[in-house]
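All of the numbers you see were taken from the coordinates with simple rules; none came from a lab. As the structure is a prediction and not an experimental result, all values here were calculated from the model. A quick note on method: Cβ atoms are made from the backbone with ideal geometry, for glycine too, and the neighbour counts reach across all protein chains shown.
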Amino acid sequence: MRFTRLKLSYSIQEHILMIVSMDLELKDIPGQLVQALIPLSKFGANIMSVIHHHDERTPRGNIPVQVVFQLTNGKLNDIIDSLEEVGVRIVSVDKKHLYEEITVILIGHILHSDLGDTIDQIDKTGFAEVVNLSLSMPGIDEPSSASLVINAVGSQELQEALGILKRVAREKNLLVIEPIEKDYPQVYK
Amino acid sequence: MKPMRLSIIGFGAVGQGVARALINKLDKLKKSGIDLNVVAISDSHGSCVNPEGIDLEAALQRKVETGSVATSKTSSIEVIKDVEHELMIDVTPTNIDDGEPGLTYILEAFNRGRHVVTSNKGPLALKYRVLCDEAKKNGVRFRFEASVGGAMPILNLAKDALAGNRIIGIEGILNGTCNYILSRMFEEGLAYKHVLGEAQELGIAETDPTYDVEGIDTACKLVILANSIFGMDVTYDDVEITGITKITAEALMLAGAEGMVIKLIGEVRDGDDAILRVAPRLVPKSHPLVVGGTLNVALLKTDMAGPISVTGRGAGSMETASAILSDVIAIYKSSS
């Protein structure tokens, strides 16, 4: 049995939700915190948390500040430049991309029904992509099995991508095995 | 304490299970104020009738020795029409094409003013609304806990124990044969055909396994859930069905690598995004829906109680008899 695991390259799309955590140093003079937060709001960041360590001092005698914010427009570099312009010292930046992810299994003649096309149908949406594929081909005439990991920018987009995959699979006579519902529906809305 | 006279229509594995359960329980039930008396049993060859009460041991013995419970040619429909009794237990085999003969038996019992308890999915999956309307019209009770999930209480759980809750959706493994096959394929890395053969040898799968492995049985049970718990008006034809025959050992292995297993899941959901679907699905290994062997499981999503899961044996003559007996007792209590 041949067993192939492919890690597909993928590009990070600009509108994917990003969670950024920054450690900043502010001078111990009034108005510094506001100065530091202006660039964030200017570039559309959604601030989730600000911790202002009044009582602590860095070796340089500055006040350490941690901010965490969401960004959906990819303008992190603009924010960094802008902070530096106003004299805020950035100690570290930690960013994490958030995607909606789903794993599905395909069974059938996956390779001979143009696997490249199947993946392309998802990738060309621009909002979703196949990021991982494991393929198992037990024999020439036997059906293959594959697990596919699809990422999308949001849950609605993910459902749309899944819809595309199911349509393509139907055309190619492939069986798609989807995961069960992840979450319980929200009640008491 | 008024005795309730019963007929058992159909005397296969389930019918015999009911007889055995009654032999074991009649005395205890009587002590707790429930007086049941079987006055007729029929199978495809004929029937035995005794207005004073049938000797159930002798009936079981006769079935083993002669292949039939019959002591006369009186047919099932004649028993339902002519033998005086209050409650008919329909345990005839499921027929998904036209629901017969169970459908005719049940309607006739209603017509004669008899309560009905059934384990037969065919009539329920095809004519649920008609049956409920007829029962109501004739002022009799109609219960069918045994038709879904065998011993596992699900209909009565949703309707009685969880009364007041809105049931948002139900997902479940409702066919033990499929669960056995997929569990074994996953655990041993064996091919579908191999495990099917093994299941047939063990008597877990029928010689013609179509009804189970193509998801038909699960779909029937889903229709019963949809109609009785969600108040839908759907039939077997409304269910989107995918069976397990195409599942490969490799697919299960790939799922396992992602921390998941593949299970044949029946899913029903109400509202704007209504779903009525039977399909193999990926389920995280630690999920409450992951049960092994021939077990059945259901997860009810409710608005107040949150998720409730119930698991149990989905088949077997004594297990099914347990569900039937609980329905009989419920009717006895409500009508005495």
Amide H contacts of B:Ser44 (H built 1.01 Å from N, under 5 Å, at least 5 apart or other chain): B:Phe11
message: Using a 10 Å cut-off around each Cβ, can you sort A:Glu85, A:Glu160 from fewest to most neighbouring Cβ atoms?
response: A:Glu85, A:Glu160
- request: Provide B:Lys30, B:Lys246 in ascending order of the number of other Cβ atoms located within 10 Å of each residue's Cβ, fewest first.
  value: B:Lys30, B:Lys246
task: Between B:Glu240 and A:Arg60, take the C-beta separation as r, use R0 = 60 Å, and let me know the FRET efficiency to the nearest 0.05.
output: 0.40
- request: Mind checking segment A:17-66 for trypsin sites (Lys or Arg not before Pro) that DSSP puts in a loop (not H, G, I, E or B) and that have at most 15 other Cβ atoms within 10 Å?
  value: A:Lys27, A:Arg57, A:Arg60
message: Can you return the lysines within cross-link range of B:Lys137? Criterion is Cα-Cα under 20 Å, with same-chain partners fewer than 8 residues away left out.
response: B:Lys81, B:Lys127
- prompt: What order do you get for A:Glu178, B:Glu100 when you list them from fewest to most C-beta neighbours inside 10 Å?
  reply: B:Glu100, A:Glu178
task: Show the residues, 5+ positions off or on another chain, whose built amide H is closer than 5 Å to the amide H of B:Met152.
output: B:Arg313
- prompt: If you place +1 on the Cβ of every Lys and Arg, -1 on the Cβ of every Asp and Glu, and leave all else neutral, what size is the dipole of chain A about its Cα centre, to the nearest 20 Debye?
  reply: 120 debye
Listed residue (B:Ser47, B:Asn156, B:Ala70) projecting farthest to the positive dipole end of segment B:25-184, Cβ model: B:Asn156
- prompt: By Kyte-Doolittle mean hydropathy of at least 0.0 and Cα axial length of at least 24 Å, which whole DSSP H helices of chain B are selected?
  reply: B:317-335
- request: Please compute the Cα-Cα pair-distance distribution of the protein assembly as shown with 10 Å bins starting at 0, giving whole percents from short to long.
  value: 4, 16, 21, 19, 14, 11, 8, 5, 3, 1, 0
statement: For peptide A:99-111, the mean count of other chain Cβ atoms within 10 Å per residue Cβ is 3
statement: Projecting the Cα atoms of B:Ala274, B:Ile204, B:Leu289 onto the charge dipole of segment B:164-313, where Lys and Arg contribute +1 and Asp and Glu -1 at Cβ, the residue farthest towards the positive end is B:Leu289
